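Asker: Please see the structure below; I have some questions.
The values are calculated or read from the model by the stated rules, or taken from the named source; none is laboratory data. It should be emphasised that the depicted structure is a prediction, and the values quoted were computed from it without experimental measurement. Heads up, the Cβs are rebuilt from the backbone with ideal geometry, glycines too, and the neighbour counts pull from every protein chain shown. Keep in mind that these areas ignore ligands, DNA and RNA; they rest on the heavy atoms of the full protein, side chains included. Shrake-Rupley method; radii C 1.70, N 1.55, O 1.52, S 1.80 Å.
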Amino acid sequence: KERHGTYMEFTHFDDNGNAFMVDVSGKEPTHREAVACGSILVSREVYDAIIGHKVKKGDVLTVAQVAGIMGAKKTAELIPMCHILNLTNAKITFELVDFNQANGTESDTVAIKAYCRVKVDGKTGVEMEALTGVSVALLTIYDMCKAIDKRMVISDIHLLEKSGGKSGDFRFD
């Protein structure tokens, strides 16, 4: 229960070990923001199909953007102890990392990095919404491209930064 010299307490369990939703009714709303990211490694064939708009199911990155936003908005329906939040903004962006161009070597693998930024003026943070948005966007890419190649790998989903709230600001180093 100790991390970095600070006592950490699990907030979703009572003294008897029963799970519960944290009561935020007495807290004042503040502006809160979180950014999460993750990657999906795809074959050159999948990458070329996405970039060339040749995937039969449609424009992969546009559909994944919409899916990620929807995922962020529905986080409380998926994660049991999350509060329902009235998000003020959710945005999904992508970065295409072609390893051949990045380091001048031959590679048949390309990474698509997804980022999700979520904002709220509320009583609790939006870290889970950002993480869910990234996850759903990456899963959508997998779903839309699995007919081409099922060997895609989703990885490195994590919180990059968050601001606002009692625990203060955080930046992944």
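Asker: Compute the angle between helix 60-73 and the longest alpha-carbon principal axis of the chain, please, reported from 0 to 90 degrees and rounded to the nearest 10.
Answerer: Roughly 10 degrees, rounded to the nearest 10.
Asker: Tell me, in nm to one decimal, what length is gained between residue 169 and residue 100 on full extension, where the rule is 0.36 nm per residue of separation less the Cα-Cα distance?
Answerer: Numbers: separation 69, 0.36 × 69 = 24.84 nm, distance 3.62 nm.
Additional length available on full extension: 21.2 nm.
Asker: While we're on this one: Just to be sure I understand: with springs between alpha-carbon atoms less than 10 Å apart, which residue in 71, 17, 125 has the highest mean-square fluctuation in the Gaussian network model of the chain?
Answerer: Highest fluctuation of the listed residues: 17.
Asker: Continuing with the same structure: Relative to the first principal axis of the alpha-carbon coordinates of the chain, what is the inclination of helix 127-145, with its axis defined by its Cα atoms, in degrees from 0 to 90 and to the nearest 10?
Answerer: In the chain, helix 127-145 runs at an angle near 20 degrees to the longest axis.
Asker: Per DSSP H run of at least 4 residues, take -39500 (n - 2.57); add these up for the chain, divide by its residues and hand me the 222 nm value, nearest 500 deg cm²/dmol.
Answerer: Values: 5 runs with 50 residues, N = 173.
Mean residue ellipticity, 222 nm, calculated: -8500 deg cm²/dmol.
Asker: On to the next question. Would you work out which of 100, 141, 71 lies farthest towards the positive end of the dipole of the range 35-173? Charges go on Cβ: Lys and Arg +1, Asp and Glu -1.
Answerer: 71
Asker: Let me ask another. Using a Förster distance of 45 Å, how high is the FRET efficiency between residue 70 and residue 108, based on the Cβ-Cβ distance and rounded to 0.05?
Answerer: Numbers: r = 32 Å, r/R0 = 0.71.
After rounding, the FRET efficiency stands at 0.90.
Asker: Also, I was wondering about something else. Once you mark the GluC sites (Glu not before Pro) that are in a DSSP loop and have at most 11 other Cβ atoms within 10 Å, what is the longest gap between them in the chain? Can you show the working numbers first?
Answerer: Working: sites that count: 9, 106.
That gives 10-105 as the longest site-free run.
Asker: Give the dimensionless ratio obtained when the Cα radius of gyration of the range 93-173 is divided by 2.2 N^0.38 Å.
Answerer: Details: Rg = 15.8 Å, N = 81, 2.2 N^0.38 = 11.7 Å.
Expressed relative to 2.2 N^0.38 Å, the Cα Rg reads 1.36.
Asker: Taking every eigenvalue of the Cα gyration tensor of the range 131-173, multiplying by 5 and rooting it, what semi-axes result, largest first, whole Å? Don't skip to the answer; put the middle values down first.
Answerer: Details: eigenvalues 192, 21, 5 Å².
Semi-axes from the Cα gyration tensor: 31, 10, 5 Å.
Asker: Another question, if that's okay. Over 20 Å between Cα atoms, which of 56/113; 74/123; 54/146; 73/119; 74/166; 57/146 qualify?
Answerer: Values: 56/113 22 Å; 74/123 17 Å; 54/146 13 Å; 73/119 11 Å; 74/166 24 Å; 57/146 11 Å.
From the list (56/113; 74/123; 54/146; 73/119; 74/166; 57/146), the Cα-Cα distance tops 20 Å for 56/113; 74/166.
Asker: A further question follows. What's the whole-number percent of alpha carbon pairs in the range 51-138 lying beyond 22 angstrom? Spell out each step's value before the answer.
Answerer: Numbers: 1444 of 3828 pairs.
The answer is 38 percent, as a whole percent.
Asker: Next up: Would you mind telling me the share, in percent, of accessible area of the range 12-103 contributed by carbon and sulfur at probe 1.4 angstrom?
Answerer: On the way: 3110 of 5630 Å².
Heavy-atom surface of the range 12-103 belonging to carbon and sulfur, 1.4 Å probe: 55 percent.
Asker: Suppose R0 equals 25 Å. What FRET efficiency, 1/(1 + (r/R0)^6) with r the Cβ-Cβ distance, do residue 150 and residue 51 give to the nearest 0.05?
Answerer: Values: r = 20 Å, r/R0 = 0.78.
Approximately 0.80, to the nearest 0.05.
Asker: For residue 172, tell me the accessible area in Å² from a 1.4 Å probe, rounded to the nearest 10.
Answerer: Accessible area of residue 172: about 110 Å².
Asker: So if R0 is 22 Å, what FRET efficiency would residue 28 and residue 160 give, r being the distance between their Cβ atoms, rounded to the nearest 0.05? The partial results should precede the final answer.
Answerer: Numbers: r = 26 Å, r/R0 = 1.18.
Efficiency for this residue pair is about 0.25.
Asker: State, in angstrom, two size descriptors of the chain derived from its alpha carbons: Rg to one decimal place and Dmax to the nearest whole number.
Answerer: Rg and Dmax of the chain, Cα atoms, are 18.5, 58 Å.
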